[in-house]
1. Under a point spin-label approximation (7 Å from Cα along Cα-to-Cβ), what is the LEU43-VAL60 distance to one decimal in nm?
2. Quick one: net charge of ASP301's neighbours, Cβ under 14 Å, K/R +1, D/E -1?
3. Starting with the fewest neighbours, write out LYS127, LYS178, LYS275 ranked by other beta-carbon atoms found within 10 Å of each beta-carbon.
4. Could you list LEU131, LEU228, LEU233 so that the one with the fewest beta carbons within 10 Å of its beta carbon is first and the one with the most is last?
5. Report the extension gain between ASN249 and TRP71 in nm, rounded to one decimal, defined as 0.36 nm multiplied by the number of residues separating them, less their alpha carbon distance.
6. Classify segment 226-343 from the C-alpha gyration tensor, please: rounded if a/c falls under 1.5, else prolate or oblate depending on whether a/b exceeds b/c.
7. Lysines within cross-link reach of LYS290: Cα-Cα under 21 Å, excluding same-chain residues under 8 positions apart?
8. Between LYS81 and SER302, take the C-beta separation as r, use R0 = 25 Å, and let me know the FRET efficiency to the nearest 0.05.
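Please treat every number below as a calculation from the coordinates, not as lab data. Here the structure is a predicted model, which is why all the values come from computation and not from measurement. For neighbour counting, all protein chains shown are included, and Cβ atoms are generated from backbone atoms with ideal geometry for every residue, glycine included.
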Amino acid sequence: MSISHSNLNHSNRMRGAASYKASIQPGWLTLPYFGSFLLALELLALIALPTWRGLTIAWVLLGVSLPVAAWLTLRVIILRKVLTSPFYPPPSLTNPHWEIFRFKGWGNSTLTGRHLRAEAETKDKPKGLVLYLHGYGSSLSFNESRIEHLVELGLDVVGMDMRGHGHCDLRQDWTLLKVVADAEALLESVVERYEESVEKVWIYGHSVGGFIGMRLASHPSGWWAERLQGLMLESPATSFPMVIESKNNPLLRPLRGWFRQILRREFERIHPDLKIRYANSQVPHFGMPKVEMLVLQAEHDSHLGTAHYDLLMQHVDENLCTSYLLKGHEHTSTKDSSIRRRTLEQWLQPYLDPFLDPTLESNPGASS
């Protein structure tokens, strides 16, 4: 696989979907860390100084400090569970035609883009470009079979391991808006790899990748804004609060107010130009695209359930959205199904004909 550095900086390009300003304040130089230091000193004094333990003021201070200690403990939990991405060792990509290039994402971080051309597989000129966005805790390699299916249909695909996922580090201070900015930069970089202009662009998002895709498609910018044909969502997440609160330990629910307050403070620390808050980081506020949209929802979604799908259906434009509940299809990206492939092919047929069989009509197992 060849590696190129076709793009290093697109900071002057038009953008609009994310927050771009990086905090100049180090994560350790904050009031919570200072408070933790003082609490540690207080505990050391109680342990090491008998005279201090004999003073009433020492125990009064301890009583006052307990709520602070609880708040700081909850903050540590949030930093580790919400603002640090999970790590699952990914398999290697197997297709030998992947092209690798470097680009600069949010905060000037160097990331790796991966580009799979239809011409390498079909020997024909590509019908367009798909930005593929994998889900939370996943990686591009876990989704390779889905990507290869798109390539077989005559589409080029560009993607990346999200920051903090797969072969990409950057796990600390992980936010959706950082990934959105990375995806914008990825699109600005990949276009430089074409000698001829790319006329059609689609976004395919799986799970949380679908949520990110909705944000991008509803706030398009740069060269691809006028060329975006549609959005393909597979079992998408549609509410960040719903994702977070469903994973919370029930014992922490009485602390929900603190939880949201800590998240707000941390997001504002990470993104000084924060455009969207925790409470409204869900559809329709997070973004509702005004392009053609296909929703492929696993009928029995063991990961997200159908609450996210139900929320999305409340706000979609019925003239733009085609949705299906897929029987027997699973949420996980490690497994695929023929029903997903057939349904996707039918939706893409008007765009990609004559690559697809025009006789495709019925699709048992998919209910709209």
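1. Between LEU43 and VAL60, the simple spin-label model gives 2.4 nm.
2. Values: positive: LYS327, LYS335, ARG340; negative: GLU234, GLU299, ASP310, GLU330.
My count for the surroundings of ASP301 gives -1.
3. Numbers: LYS127 20, LYS178 24, LYS275 12.
Ranking LYS127, LYS178, LYS275 by Cβ neighbours within 10 Å, fewest first, gives LYS275, LYS127, LYS178.
4. Values: LEU131 26, LEU228 20, LEU233 29.
The order, fewest Cβ neighbours first, is LEU228, LEU131, LEU233.
5. On the way: separation 178, 0.36 × 178 = 64.08 nm, distance 1.56 nm.
Once the chain is fully extended between ASN249 and TRP71, it gains 62.5 nm.
6. Working: a/c = 2.47, a/b = 1.47, b/c = 1.68.
Note, shape of segment 226-343 comes out oblate.
7. Within reach: LYS200, LYS275.
8. On the way: r = 20 Å, r/R0 = 0.81.
Efficiency at R0 = 25 Å is approximately 0.80.
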